[in-house]
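The values are calculated or read from the model by the stated rules, or taken from the named source; none is laboratory data. Just so you know, these numbers come straight off a predicted model, no measurement behind them. All Cβ positions, glycine included, derive from the backbone under ideal geometry; neighbour counts span all protein chains shown. Protein only, heavy atoms only, side chains kept; ligands, DNA and RNA dropped before computing areas. Shrake-Rupley method; radii C 1.70, N 1.55, O 1.52, S 1.80 Å.
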Amino acid sequence: MSVLNPIPFLDLKTPHIELRLQLQDAFERVLNSGWYIQGNELKLFEEEFAHYCEAKHCIGVGNGLDALHLILRAYGIGDGDEVIVPSNTYIATWLAASYAGATPIPVEPDERTYNIDPARIEAAITSRTKAIMVVHLYGQPADMDAIIVIAKKHNLKVIEDAAQAHGARYKGKRVGTLGDAAGFSFYPGKNLGAIGDGGAVTTSDAELAEKIRVLGNYGSHVKYHNEVKGYNSRLDELQAAFLRAKLKKLEAWNSQRKVVAADYFHQLNGSNLVLPFVPEWADPVWHLFVVRSQQRENLQAHLQQQGIGTMIHYPIPPHLQPAYSELGYKQGDFPIAEAIHREVLSLPMGPTMSGAQVTQVIKVTNDYLRS
Ligand SMILES: *Cc1c(COP(=O)(O)O)cnc(C)c1O
(Lines give C-alpha, C1' and ligand atoms only; values in the text may rest on other atoms or scores of the structure.)
Protein backbone atom coordinates (compact mmCIF):
# COMPACT_ATOMS: atom_id res chain seq x y z
CA MET A 1 0.00 0.00 0.00
CA SER A 2 0.91 3.64 0.02
CA VAL A 3 3.98 4.81 1.90
CA LEU A 4 2.81 8.36 2.48
CA ASN A 5 4.18 10.35 5.36
CA PRO A 6 1.89 10.56 8.36
CA ILE A 7 -0.13 13.76 8.59
CA PRO A 8 -0.22 15.12 12.14
CA PHE A 9 -3.40 16.67 13.50
CA LEU A 10 -1.44 19.85 14.18
CA ASP A 11 2.15 20.63 13.29
CA LEU A 12 3.49 23.02 15.93
CA LYS A 13 7.10 22.76 14.83
CA THR A 14 7.16 23.92 11.21
CA PRO A 15 5.86 27.47 11.87
CA HIS A 16 8.61 27.89 14.48
CA ILE A 17 11.28 26.55 12.14
CA GLU A 18 10.14 29.07 9.51
CA LEU A 19 10.52 31.85 12.08
CA ARG A 20 13.72 30.50 13.62
CA LEU A 21 15.79 33.65 13.08
CA GLN A 22 13.11 36.01 14.38
CA LEU A 23 12.54 33.83 17.44
CA GLN A 24 16.26 33.57 18.13
CA ASP A 25 16.52 37.33 17.84
CA ALA A 26 13.60 37.70 20.31
CA PHE A 27 15.37 35.38 22.73
CA GLU A 28 18.63 37.27 22.45
CA ARG A 29 16.92 40.61 23.00
CA VAL A 30 15.34 39.41 26.23
CA LEU A 31 18.43 37.58 27.44
CA ASN A 32 20.59 40.63 26.88
CA SER A 33 18.10 43.05 28.40
CA GLY A 34 18.55 41.63 31.89
CA TRP A 35 14.82 42.25 32.50
CA TYR A 36 12.46 39.28 32.38
CA ILE A 37 9.04 40.24 33.77
CA GLN A 38 6.90 43.28 32.88
CA GLY A 39 9.31 45.11 30.64
CA ASN A 40 9.50 46.57 27.19
CA GLU A 41 8.61 43.44 25.21
CA LEU A 42 5.35 43.08 27.09
CA LYS A 43 4.53 46.75 26.65
CA LEU A 44 5.15 46.52 22.91
CA PHE A 45 3.27 43.25 22.52
CA GLU A 46 0.28 44.71 24.33
CA GLU A 47 0.27 47.69 21.95
CA GLU A 48 0.71 45.50 18.90
CA PHE A 49 -1.95 42.96 19.89
CA ALA A 50 -4.43 45.73 20.80
CA HIS A 51 -3.77 47.26 17.39
CA TYR A 52 -4.24 43.89 15.68
CA CYS A 53 -7.55 43.34 17.49
CA GLU A 54 -8.63 46.95 16.86
CA ALA A 55 -9.13 47.17 20.64
CA LYS A 56 -8.21 50.10 22.90
CA HIS A 57 -6.42 48.13 25.61
CA CYS A 58 -4.57 44.84 25.92
CA ILE A 59 -3.22 43.40 29.16
CA GLY A 60 -0.92 40.39 29.02
CA VAL A 61 -1.63 37.71 31.63
CA GLY A 62 -0.44 34.20 32.45
CA ASN A 63 -2.91 32.17 30.36
CA GLY A 64 -6.39 32.19 28.85
CA LEU A 65 -8.16 30.84 31.91
CA ASP A 66 -6.64 33.62 34.02
CA ALA A 67 -7.71 36.20 31.44
CA LEU A 68 -11.37 35.16 31.83
CA HIS A 69 -11.13 34.77 35.60
CA LEU A 70 -9.51 38.18 36.06
CA ILE A 71 -12.21 39.87 33.97
CA LEU A 72 -14.90 38.43 36.28
CA ARG A 73 -12.93 39.43 39.40
CA ALA A 74 -12.38 42.94 38.07
CA TYR A 75 -16.13 43.29 37.54
CA GLY A 76 -16.70 42.10 41.10
CA ILE A 77 -18.55 39.00 39.91
CA GLY A 78 -18.24 36.13 42.39
CA ASP A 79 -19.98 34.41 45.30
CA GLY A 80 -23.70 33.93 44.78
CA ASP A 81 -23.58 35.22 41.19
CA GLU A 82 -24.40 33.32 38.03
CA VAL A 83 -22.56 33.47 34.73
CA ILE A 84 -24.18 32.16 31.57
CA VAL A 85 -21.81 29.91 29.61
CA PRO A 86 -22.24 27.65 26.58
CA SER A 87 -23.04 23.99 27.29
CA ASN A 88 -20.79 23.24 24.34
CA THR A 89 -17.31 24.53 25.15
CA TYR A 90 -13.93 23.68 26.58
CA ILE A 91 -14.17 23.41 30.36
CA ALA A 92 -11.97 26.49 30.90
CA THR A 93 -14.96 28.76 30.20
CA TRP A 94 -16.85 27.17 33.09
CA LEU A 95 -13.79 27.07 35.34
CA ALA A 96 -13.30 30.82 35.00
CA ALA A 97 -16.75 31.34 36.54
CA SER A 98 -16.06 28.76 39.25
CA TYR A 99 -12.67 30.28 40.14
CA ALA A 100 -14.39 33.61 40.68
CA GLY A 101 -16.85 31.90 43.04
CA ALA A 102 -19.79 32.20 40.62
CA THR A 103 -21.94 29.38 39.22
CA PRO A 104 -21.73 28.58 35.51
CA ILE A 105 -25.23 28.32 34.00
CA PRO A 106 -25.12 26.38 30.75
CA VAL A 107 -27.10 27.36 27.66
CA GLU A 108 -27.39 25.09 24.63
CA PRO A 109 -25.79 25.94 21.27
CA ASP A 110 -27.26 26.59 17.88
CA GLU A 111 -27.05 23.17 16.26
CA ARG A 112 -25.55 24.51 13.06
CA THR A 113 -22.87 26.89 14.34
CA TYR A 114 -22.10 25.05 17.63
CA ASN A 115 -22.01 28.47 19.35
CA ILE A 116 -24.35 29.60 22.12
CA ASP A 117 -27.91 30.05 20.84
CA PRO A 118 -29.10 33.58 21.65
CA ALA A 119 -32.74 32.41 21.52
CA ARG A 120 -32.13 30.20 24.57
CA ILE A 121 -30.30 32.71 26.78
CA GLU A 122 -33.21 34.61 28.29
CA ALA A 123 -34.76 31.49 29.81
CA ALA A 124 -31.54 30.97 31.81
CA ILE A 125 -31.38 34.50 33.27
CA THR A 126 -32.26 34.93 36.95
CA SER A 127 -31.91 37.75 39.46
CA ARG A 128 -28.38 36.42 40.19
CA THR A 129 -27.13 36.51 36.60
CA LYS A 130 -24.28 38.99 36.17
CA ALA A 131 -22.66 38.13 32.84
CA ILE A 132 -22.87 36.16 29.63
CA MET A 133 -19.56 34.49 28.74
CA VAL A 134 -19.67 33.86 25.02
CA VAL A 135 -17.23 31.50 23.29
CA HIS A 136 -16.20 31.91 19.65
CA LEU A 137 -15.83 28.18 19.32
CA TYR A 138 -13.50 26.58 16.77
CA GLY A 139 -12.57 30.08 15.52
CA GLN A 140 -16.08 31.16 14.48
CA PRO A 141 -17.68 34.25 16.10
CA ALA A 142 -20.89 33.83 18.06
CA ASP A 143 -23.99 35.87 17.09
CA MET A 144 -23.00 38.90 19.14
CA ASP A 145 -25.68 41.44 18.17
CA ALA A 146 -28.47 39.17 19.36
CA ILE A 147 -26.56 38.45 22.58
CA ILE A 148 -25.83 42.12 23.28
CA VAL A 149 -29.51 43.03 22.93
CA ILE A 150 -30.34 40.53 25.68
CA ALA A 151 -27.44 41.65 27.86
CA LYS A 152 -28.47 45.32 27.64
CA LYS A 153 -32.06 44.48 28.51
CA HIS A 154 -30.97 42.61 31.67
CA ASN A 155 -27.96 44.79 32.50
CA LEU A 156 -25.41 41.98 32.08
CA LYS A 157 -21.74 42.12 31.12
CA VAL A 158 -20.76 40.36 27.90
CA ILE A 159 -17.41 38.62 28.10
CA GLU A 160 -15.87 36.99 25.05
CA ASP A 161 -13.86 33.81 25.39
CA ALA A 162 -11.78 34.45 22.28
CA ALA A 163 -9.20 31.74 23.06
CA GLN A 164 -9.88 30.01 19.73
CA ALA A 165 -10.56 33.00 17.53
CA HIS A 166 -7.61 35.45 17.24
CA GLY A 167 -8.38 37.61 14.22
CA ALA A 168 -11.90 36.37 13.47
CA ARG A 169 -14.46 39.00 12.51
CA TYR A 170 -18.18 39.42 13.18
CA LYS A 171 -19.93 41.77 10.74
CA GLY A 172 -16.50 43.18 9.94
CA LYS A 173 -15.45 43.75 13.55
CA ARG A 174 -12.69 41.80 15.27
CA VAL A 175 -13.49 39.46 18.11
CA GLY A 176 -12.02 40.95 21.25
CA THR A 177 -13.94 44.21 20.66
CA LEU A 178 -17.49 42.89 20.54
CA GLY A 179 -18.37 42.66 24.23
CA ASP A 180 -17.26 44.46 27.41
CA ALA A 181 -14.01 42.51 27.59
CA ALA A 182 -12.39 39.47 26.02
CA GLY A 183 -9.98 36.76 27.12
CA PHE A 184 -7.39 35.32 24.73
CA SER A 185 -5.14 32.30 25.21
CA PHE A 186 -1.68 31.93 23.71
CA TYR A 187 -1.41 28.23 24.51
CA PRO A 188 0.90 26.81 21.83
CA GLY A 189 -1.86 25.15 19.79
CA LYS A 190 -3.97 28.31 19.39
CA ASN A 191 -3.93 30.40 16.19
CA LEU A 192 -1.50 32.74 17.96
CA GLY A 193 0.49 30.61 20.38
CA ALA A 194 3.46 31.26 22.61
CA ILE A 195 6.30 28.79 23.16
CA GLY A 196 4.73 28.07 26.51
CA ASP A 197 1.72 29.52 28.30
CA GLY A 198 0.31 33.00 27.86
CA GLY A 199 -2.90 34.97 27.67
CA ALA A 200 -4.35 38.45 27.34
CA VAL A 201 -7.42 40.57 28.01
CA THR A 202 -8.65 43.10 25.47
CA THR A 203 -11.19 45.80 26.29
CA SER A 204 -12.12 49.36 25.45
CA ASP A 205 -12.84 50.04 29.14
CA ALA A 206 -9.82 51.90 30.57
CA GLU A 207 -10.92 51.42 34.16
CA LEU A 208 -11.31 47.66 33.71
CA ALA A 209 -7.92 47.46 31.99
CA GLU A 210 -6.27 49.15 34.95
CA LYS A 211 -8.01 46.87 37.45
CA ILE A 212 -6.85 43.79 35.59
CA ARG A 213 -3.28 45.07 35.46
CA VAL A 214 -3.36 45.51 39.22
CA LEU A 215 -5.14 42.21 39.95
CA GLY A 216 -2.70 40.20 37.82
CA ASN A 217 0.29 41.74 39.54
CA TYR A 218 -0.35 41.03 43.24
CA GLY A 219 -2.94 43.76 43.54
CA SER A 220 -0.29 46.40 43.29
CA HIS A 221 0.18 49.59 41.26
CA VAL A 222 3.41 50.42 43.01
CA LYS A 223 5.79 47.64 43.99
CA TYR A 224 5.19 46.44 47.57
CA HIS A 225 2.03 48.54 47.91
CA ASN A 226 -0.87 46.06 47.75
CA GLU A 227 -4.29 47.65 47.40
CA VAL A 228 -6.25 44.44 46.90
CA LYS A 229 -5.53 40.70 47.27
CA GLY A 230 -4.32 40.08 43.77
CA TYR A 231 -2.87 37.18 41.83
CA ASN A 232 0.34 36.44 40.04
CA SER A 233 -0.66 36.19 36.40
CA ARG A 234 1.76 37.86 34.04
CA LEU A 235 2.91 37.39 30.48
CA ASP A 236 6.69 37.18 30.76
CA GLU A 237 9.14 39.02 28.54
CA LEU A 238 10.30 35.94 26.69
CA GLN A 239 6.79 34.86 25.69
CA ALA A 240 5.88 38.46 24.81
CA ALA A 241 8.95 38.69 22.56
CA PHE A 242 8.12 35.36 20.87
CA LEU A 243 4.50 36.45 20.43
CA ARG A 244 5.59 39.73 18.82
CA ALA A 245 7.50 37.75 16.19
CA LYS A 246 4.59 35.38 15.62
CA LEU A 247 1.92 38.12 15.56
CA LYS A 248 3.51 39.47 12.36
CA LYS A 249 2.59 36.17 10.69
CA LEU A 250 -0.89 35.77 12.11
CA GLU A 251 -2.82 37.25 9.18
CA ALA A 252 -0.88 35.10 6.69
CA TRP A 253 -1.31 32.01 8.86
CA ASN A 254 -5.05 32.61 9.27
CA SER A 255 -5.29 33.04 5.47
CA GLN A 256 -3.55 29.72 4.95
CA ARG A 257 -6.03 28.07 7.32
CA LYS A 258 -8.81 29.55 5.16
CA VAL A 259 -7.29 27.92 2.07
CA VAL A 260 -7.27 24.54 3.83
CA ALA A 261 -10.87 25.04 4.98
CA ALA A 262 -11.97 26.02 1.45
CA ASP A 263 -10.44 22.82 0.04
CA TYR A 264 -12.22 20.75 2.67
CA PHE A 265 -15.51 22.51 1.88
CA HIS A 266 -15.24 22.01 -1.85
CA GLN A 267 -13.95 18.48 -1.90
CA LEU A 268 -15.26 16.57 1.10
CA ASN A 269 -18.38 14.97 -0.28
CA GLY A 270 -19.48 12.12 1.93
CA SER A 271 -23.21 12.46 2.33
CA ASN A 272 -22.92 11.22 5.92
CA LEU A 273 -20.62 14.03 6.83
CA VAL A 274 -21.86 17.35 8.24
CA LEU A 275 -19.50 20.19 7.31
CA PRO A 276 -19.19 23.40 9.36
CA PHE A 277 -21.85 26.05 8.82
CA VAL A 278 -20.69 29.63 8.36
CA PRO A 279 -23.36 32.37 8.73
CA GLU A 280 -23.00 35.21 6.23
CA TRP A 281 -21.89 37.62 8.98
CA ALA A 282 -19.04 35.42 10.20
CA ASP A 283 -15.42 35.54 9.10
CA PRO A 284 -13.94 32.58 10.99
CA VAL A 285 -10.23 31.81 11.44
CA TRP A 286 -10.50 28.02 11.44
CA HIS A 287 -8.79 27.25 14.71
CA LEU A 288 -10.35 23.83 14.12
CA PHE A 289 -12.12 22.30 11.15
CA VAL A 290 -14.82 20.23 12.82
CA VAL A 291 -16.98 17.76 10.92
CA ARG A 292 -19.83 15.66 12.29
CA SER A 293 -20.44 12.01 11.57
CA GLN A 294 -22.58 9.33 13.15
CA GLN A 295 -19.68 6.97 12.41
CA ARG A 296 -17.22 9.24 14.18
CA GLU A 297 -15.26 6.49 16.01
CA ASN A 298 -14.88 4.34 12.89
CA LEU A 299 -13.91 7.29 10.74
CA GLN A 300 -11.31 8.39 13.27
CA ALA A 301 -9.86 4.86 13.50
CA HIS A 302 -9.70 4.59 9.72
CA LEU A 303 -7.93 7.94 9.35
CA GLN A 304 -5.52 6.91 12.10
CA GLN A 305 -4.74 3.66 10.23
CA GLN A 306 -3.92 5.74 7.17
CA GLY A 307 -1.55 7.88 9.21
CA ILE A 308 -3.89 10.87 9.56
CA GLY A 309 -4.16 12.43 13.02
CA THR A 310 -7.49 13.79 14.23
CA MET A 311 -8.84 14.98 17.57
CA ILE A 312 -12.20 15.27 19.29
CA HIS A 313 -13.18 18.72 20.61
CA TYR A 314 -14.53 17.63 22.98
CA PRO A 315 -15.34 14.07 24.04
CA ILE A 316 -17.25 14.92 27.26
CA PRO A 317 -19.27 18.12 27.80
CA PRO A 318 -18.47 20.08 30.98
CA HIS A 319 -21.83 19.27 32.64
CA LEU A 320 -20.98 15.54 32.55
CA GLN A 321 -17.41 15.91 33.80
CA PRO A 322 -16.73 14.58 37.31
CA ALA A 323 -15.30 18.02 38.09
CA TYR A 324 -18.85 19.41 37.86
CA SER A 325 -20.73 16.61 39.63
CA GLU A 326 -21.62 19.20 42.33
CA LEU A 327 -24.06 20.85 39.90
CA GLY A 328 -26.04 17.60 39.69
CA TYR A 329 -26.49 17.46 35.92
CA LYS A 330 -27.12 14.13 34.22
CA GLN A 331 -27.03 12.68 30.74
CA GLY A 332 -29.87 14.18 28.70
CA ASP A 333 -29.88 17.59 30.43
CA PHE A 334 -28.18 19.31 27.48
CA PRO A 335 -28.99 17.04 24.54
CA ILE A 336 -27.70 19.33 21.78
CA ALA A 337 -24.27 19.64 23.38
CA GLU A 338 -24.25 15.91 24.11
CA ALA A 339 -25.05 15.00 20.48
CA ILE A 340 -22.33 17.36 19.26
CA HIS A 341 -19.81 15.81 21.65
CA ARG A 342 -20.76 12.31 20.37
CA GLU A 343 -20.32 13.14 16.69
CA VAL A 344 -17.65 15.79 16.16
CA LEU A 345 -14.24 15.11 14.71
CA SER A 346 -11.54 17.71 14.07
CA LEU A 347 -9.59 17.12 10.85
CA PRO A 348 -5.95 18.15 10.50
CA MET A 349 -5.72 21.94 10.29
CA GLY A 350 -2.86 24.38 10.47
CA PRO A 351 -1.05 27.20 8.70
CA THR A 352 1.68 25.01 7.22
CA MET A 353 -0.36 22.09 5.86
CA SER A 354 0.66 21.39 2.27
CA GLY A 355 -1.81 21.04 -0.58
CA ALA A 356 -0.76 17.40 -0.90
CA GLN A 357 -1.57 16.78 2.76
CA VAL A 358 -5.00 18.36 2.43
CA THR A 359 -5.69 16.32 -0.72
CA GLN A 360 -4.69 13.15 1.10
CA VAL A 361 -7.00 13.85 4.06
CA ILE A 362 -9.88 14.53 1.64
CA LYS A 363 -9.20 11.39 -0.40
CA VAL A 364 -8.96 9.05 2.58
CA THR A 365 -12.10 10.55 4.17
CA ASN A 366 -14.16 10.44 0.96
CA ASP A 367 -13.02 6.88 0.14
CA TYR A 368 -14.02 5.71 3.58
CA LEU A 369 -17.45 7.38 3.53
CA ARG A 370 -18.18 5.95 0.06
CA SER A 371 -17.25 2.39 0.99
C1 LIG B 1 -7.61 27.16 25.36
C2 LIG B 1 -8.91 27.67 25.84
C3 LIG B 1 -9.03 28.37 27.05
C4 LIG B 1 -7.96 28.44 28.09
O5 LIG B 1 -6.73 28.89 27.68
P6 LIG B 1 -5.41 28.48 28.51
O7 LIG B 1 -4.39 29.42 27.97
O8 LIG B 1 -5.13 27.04 28.21
O9 LIG B 1 -5.69 28.72 29.94
C10 LIG B 1 -10.25 28.92 27.38
N11 LIG B 1 -11.31 28.77 26.58
C12 LIG B 1 -11.25 28.10 25.40
C13 LIG B 1 -12.48 27.99 24.57
C14 LIG B 1 -10.05 27.51 25.02
O15 LIG B 1 -10.00 26.84 23.86
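So here's what we get for this one:
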item	result
Residue-averaged [θ]222 nm for the chain, counting only DSSP H segments that reach four residues, each worth -39500 (n - 2.57)	-12000 deg cm²/dmol
Accessible-area value, Asp283, 1.4 Å probe, nucleic acids and ligands omitted, Å²	60
List Arg213, Arg257, ordered by accessible area with a 1.4 Å probe, largest first	Arg213, Arg257
Region 12-19 - phi-based ³J(HN,Hα) in whole Hz, Karplus 6.51/-1.76/1.60, Gly and Pro as x	7, 7, 4, x, 6, 5, 4, 9
Positive minus negative residues near Ala146 (Lys, Arg vs Asp, Glu; Cβ under 14 Å)	-1
Cα centre as origin, Lys/Arg/Asp/Glu Cβ charges: the chain dipole, Debye	380
Inter-label distance for Ile17 and Lys173, nm, one decimal - labels placed 7 Å from Cα along Cα-to-Cβ	4.2
With every protein chain in place, the chain: carbon and sulfur % of accessible area (1.4 Å)	52
Rounded to the nearest 10 Å², the accessible area of Glu207 at probe 1.4 Å	130
Added length on full extension, which subtracts the Cα-Cα distance from 0.36 nm per residue, Val222 to Phe265	10.2 nm
Centre separation in Å (Cα based) which lies between region 274-318 and region 2-29	23
Only Lys, Arg (+1) and Asp, Glu (-1) charged, at Cβ; region 243-371 dipole about Cα centre in debye	480
Extreme residue, positive dipole direction of region 1-116, given options Ile91, Gly39, Gly62 (C-beta unit charges)	Gly39
Share antiparallel - DSSP beta bridges, region 123-218, percent rounded to 5	45
Gap separating the Cα centres of region 128-203 and region 330-361, nearest whole Å	21
The chain - convex hull of alpha carbons, volume per residue in Å³	137
Cα gyration tensor shape of region 238-363, rounded if a/c is under 1.5, else prolate or oblate by comparing a/b with b/c	oblate
Accessible surface, 1.4 Å probe, highest first, among residues Ser87, Ser204	Ser204, Ser87
Karplus 3J(HN,Hα) series, Hz, for region 122-130 with 6.51 cos²θ - 1.76 cosθ + 1.60 (x for Gly, Pro)	4, 5, 9, 7, 10, 5, 8, 5, 10
Tensor-based shape of region 133-229 (alpha-carbon gyration tensor, a/c under 1.5 rounded, otherwise prolate or oblate)	oblate
